[in-house]
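The values are calculated or read from the model by the stated rules, or taken from the named source; none is laboratory data. Keep in mind it's a predicted model, so treat the numbers as computed, not measured. Backbone-built Cβ (ideal geometry, glycine too); neighbour counts: all protein chains shown. Accessible surface areas use protein heavy atoms only, side chains included; no ligands, DNA or RNA. Shrake-Rupley method; radii C 1.70, N 1.55, O 1.52, S 1.80 Å.
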2 protein chains.
Amino acid sequence: MSTDEFGIRPGEEMASLPATFDAGLHFIGRLRTPWRSRSECPKNGLQTDALCTVEVDAAYVPGLRNVMGCFHLIVLYWMDRATRGLLVQQPRHADGPRGTFSLRSPARPNPIALSVVELLGREGGVLRVRGLDCIDGTPLLDIKPYYATTDSRPEAQVDRAGAPS
Amino acid sequence: MSTDEFGIRPGEEMASLPATFDAGLHFIGRLRTPWRSRSECPKNGLQTDALCTVEVDAAYVPGLRNVMGCFHLIVLYWMDRATRGLLVQQPRHADGPRGTFSLRSPARPNPIALSVVELLGREGGVLRVRGLDCIDGTPLLDIKPYYATTDSRPEAQVDRAGAPS
């Protein structure tokens, strides 16, 4: 945890997290992006045309079979620098504090992030993609095919200021 | 791991997973659904109209502030009965083995599943939703707002038989 970049702001609320974990994760690779710090990162993966790569560790490369049949992927990754346990937080550009589960902020009890990416190509364990927004070197957790039938909700709305309680 | 329901089939490939984990997860609640076994579960959350609930543990309820401003949510959960380390698998209805990262199967090195759900209401720490497809009691990991701008790709395609290597 890097408190300089990812610390607590006035009005925010922390939970005390349990001392032990309920399950464990294996990092299966790394994401390679042009961004070295949180401040350099785009707000989301559509605000950039940057080519990024998903580097899958050799032990997991057999799992990439058939993946080039997917035009879009869901990439799950671990926001390893994020503060955990932040339940109410003050986003930089919001007029008041927001519940963590109403935000896509990396700070959350389980800092798993997801991005929908366009798959451009594959060389062995390396996928060329567009649509990531995270810091270079971010640990990879999972890759899934994106299905328009179940994952796409073009009509979805969010009233970001709404429903405070 | 329950090998009777979630075992290995001919043609499948396992990885030997590392003996230690790289990061840990806190279960923050449970998903309540009508389904008691994998065979009862719908193939995906759009194949059912069942009302389900997301039960958030008391310690994490402050994080639900503002969540009713979202019409759709992304729910991340832990497939705690899945075989981990299965890299090539034979889906029941496919004509050959498939790489794990080309499938939404629960069996994967980090068995994190995600569903896009419609948010119907909230009473305290309980969210009423439609669109889950998992076994009753499945551990909850995270809740995120669904943004059409970044998460919806109505044009996305998957060629499930394609690109074997």
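Restricting attention to the range B:10-30, the residues being assigned to a loop (DSSP other than H, G, I, E, B) and either of a type in the set (D, E, K, R) or more than 7 Å from every other protein chain (Cβ to nearest Cβ) (or both) number 7.
Close contacts from the range B:129-141, counting a first residue that is within 24 Å of residue A:84 (Cβ to Cβ) and a second that is open to solvent by less than 10 Å² (accessible area, probe 1.4 Å) and not in a strand (DSSP E or B), with Cβ to Cβ under 6 Å and a gap of 6+ residues or different chains, come to B:140/B:28; B:141/A:110. Which of the residues spanning the range B:142-153 are in contact (Cβ under 8 Å) with a residue 60 or more places away in the chain and of a type in the set (Lys, Arg)? Within the range B:142-153, B:144 is the sole residue that qualifies. Looking at the range A:57-66, is at least one residue more than 15 Å from the chain's Cα centre (by Cα), in contact (Cβ under 8 Å) with a residue 60 or more places away in the chain, surrounded by fewer than 18 Cβ atoms within 10 Å (Cβ to Cβ) and part of a loop (DSSP other than H, G, I, E, B)? Within the range A:57-66, one or more residues are more than 15 Å from the chain's Cα centre (by Cα), in contact (Cβ under 8 Å) with a residue 60 or more places away in the chain, surrounded by fewer than 18 Cβ atoms within 10 Å (Cβ to Cβ) and part of a loop (DSSP other than H, G, I, E, B).
Among the conditions (1) in contact (Cβ under 8 Å) with a residue 60 or more places away in the chain; (2) in contact with a strand residue (DSSP E or B) (Cβ under 8 Å, 6 or more places away or on another chain); (3) under 22 Å from residue B:141 (Cβ atoms), residue B:22 misses just one, which is (1).
Consider the range B:38-52 and keep the residues that are within 22 Å of residue A:102 (Cβ to Cβ) and crowded, with 19+ Cβ neighbours inside 10 Å. The one that is modelled with the lowest pLDDT is B:45. Just one of the listed residues (B:94, B:156, B:107) is more than 9 Å from every other protein chain (Cβ to nearest Cβ) and touching a Phe, Trp or Tyr at 6+ places or on another chain (Cβ under 9 Å), and it is B:107. Being among the basic types (Lys, Arg) and more than 30 Å from residue B:47 (Cα to Cα), is that true of even one residue in the range A:149-158? There is no residue in the range A:149-158 that is among the basic types (Lys, Arg) and more than 30 Å from residue B:47 (Cα to Cα).
Scanning the range A:78-96 for residues being more than 11 Å from residue A:110 (Cα to Cα) and under 17 Å from the mean Cα position of the chain (by Cα) gives a total of 2. Considering only the range A:83-126, state which residues are touching a helix residue (DSSP H, G or I) at 6+ places or on another chain (Cβ under 7 Å) and under 26 Å from residue A:19 (Cα atoms). Selection gives A:83, A:86, A:87, A:88, A:89, A:99, A:100, A:101, A:102, A:107, A:108, A:109.
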